[in-house]
Amino acid sequence: MTAGTATFLEPAKRRGTGNVAVALLLPIALVNAVGFIWPILNLAGLSIREALPGGGIGENFTAANWSGLLGDGFYIDLIVNSLVVSLTITLLTLLVSYPIALYLHRATGAWKSFLTVLVISPLLTSAVVRTYGWIALLSDTGPVVKAMTALGIPAPRLMFNTTGVVIGLTEILMPYMILALMAGFGRLDPRVEEAASTLGARPFAVFRRVVLPLTAPGIALGCLLCFVLAVSSFITPKLMGGGRVFLLATEIYDQAIVTLNWPLAATLSVLVLVIFGAALVLYSRAMRLLEQG
């Protein structure tokens with residue numbers, strides 16, 4: 001083959017490779033368009049439709065849903081409370097899960113496999129069942145309150161309030177946080193910790209200056225995952241909140257099923273998607289800073 005022929009065939013090869021790539025990507029692109037993009041666009045369109053009495057959806061487009069949402073003190077408090085509760089749950093889940101994930105990362109052999117199975121096993125049980133288990137534990141007649149009373153400790157109310165929701169969701173989200181942390185602990189090399197200790201660093205200094213920076217990607221991933229799950233969680237806040245804890249997910253349910261105000265429910269759903277997008281942007285920037293650092 002001459003040099004001129006090779007030069008002539010090169011664009012054809014590139015076109016053939018491009019066609020194959022398009023053919024391979026087309027099915028998943030169609031699935032995403034039908035199963036993800038189209039429903040989101042439909043939801044966004046529904047959020048600017050007028051709500052008719054009795055649960056009807058009007059034909060006219062209006063910005064009243066958005067203006068009413070952003071101008072109503074109840075919904076502003078609802079958004080702020082949802083963000084605060086979700087961030088609190090994320091932080092508590094991280095604090096409880098980090099030592100477990102770190103221990104699992106350092107474990108070896110059959111012991112590590114056994115502990116990993118224990119961590120994953122709660123995911124095999126429905127969140128509804130686990131929530132009812134927490135209701136039985138934290139109720140006024142449950143073992144937790146009885147034990148505190150027997151010890152002479154004033155027992156606070158642990159059910160049908162934000163405290164119960166935070167406790168329940170923290171435990172429910174722990175497996176997700178632990179698995180995400182372990183997935184991000186790949187850069188943590190025990191030899192680096194040993195080198196820092198050999199150079200005279202105390203255990204806390206080793207953790208602060210070696211372990212924590214190397215495990216930061218796992219922390220960021222786990223926090224993103226748990227925050228998104230906490231914001232969108234419905235079952236646990238509905239059951240353990242007893243209708244007294246108002247969050248975005250529970251309000252969407254009430255507007256769609258109880259009040260039958262579908263446009264407002266769609267508006268709140270789009271707002272949740274915006275929050276998810278903002279969380280992804282923050283996660284991307286955090287990962288970029290970690291890679292640069």
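Since every read-out is calculated from the coordinates, none of them should be taken as a lab result. These figures come from a predicted structure and were not determined experimentally. Note that we place each Cβ from the backbone using ideal geometry, even for glycine, and neighbour counts take in every protein chain shown.
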Given Cβ charges of +1 for Lys and Arg and -1 for Asp and Glu, the option among 86, 121, 109 whose Cα lies farthest towards the positive end of the dipole of the range 68-160 is 109
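Taking only DSSP H segments of four or more residues, each worth -39500 (n - 2.57), what value at 222 nm results for the chain once the sum is divided by all its residues, to the nearest 500 deg cm²/dmol?
Helix contribution divided over all residues of the chain: -23500 deg cm²/dmol.
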Given Cβ charges of +1 for Lys and Arg and -1 for Asp and Glu, the option among 76, 147, 258 whose Cα lies farthest towards the positive end of the dipole of the chain is 147
In the list (i) 261; (ii) 121; (iii) 133, the entry giving volume of the Cα convex hull per residue in Å³ computed from the coordinates is (i)
Across 5 Å bins beginning at 0, the whole-percent shares of Cα-Cα pair distances in the range 127-237 come to 2, 11, 15, 14, 12, 11, 10, 11, 8, 4, 1
Descending packing, highest mean Cβ count within 10 Å first, for 227-233, 51-57, 28-34, 259-265 is 227-233, 259-265, 51-57, 28-34
Sorted on mean Cβ neighbours within 10 Å (highest first), peptides 80-86, 39-45 come out as 80-86, 39-45
One finds the C-alpha centres of the range 25-72 and the range 149-206 to be spaced, in Å, by 39 Å
Sparse-neighbourhood loop hits (trypsin sites (Lys or Arg not before Pro), the range 147-235; DSSP loop; Cβ within 10 Å at most 16 others) -> 157, 187
Rg from C-alpha atoms of the range 31-163, normalised by the globular rule of thumb 2.2 N^0.38 Å, equals 1.63
Sorted by chain and then number, the residues having a modelled amide H within less than 5 Å of the amide H of residue 49, at least 5 places away or on another chain, are 62
Once both label points are put 7 Å beyond Cα along the C-beta direction, the residue 137-residue 118 separation in nm becomes 1.5 nm
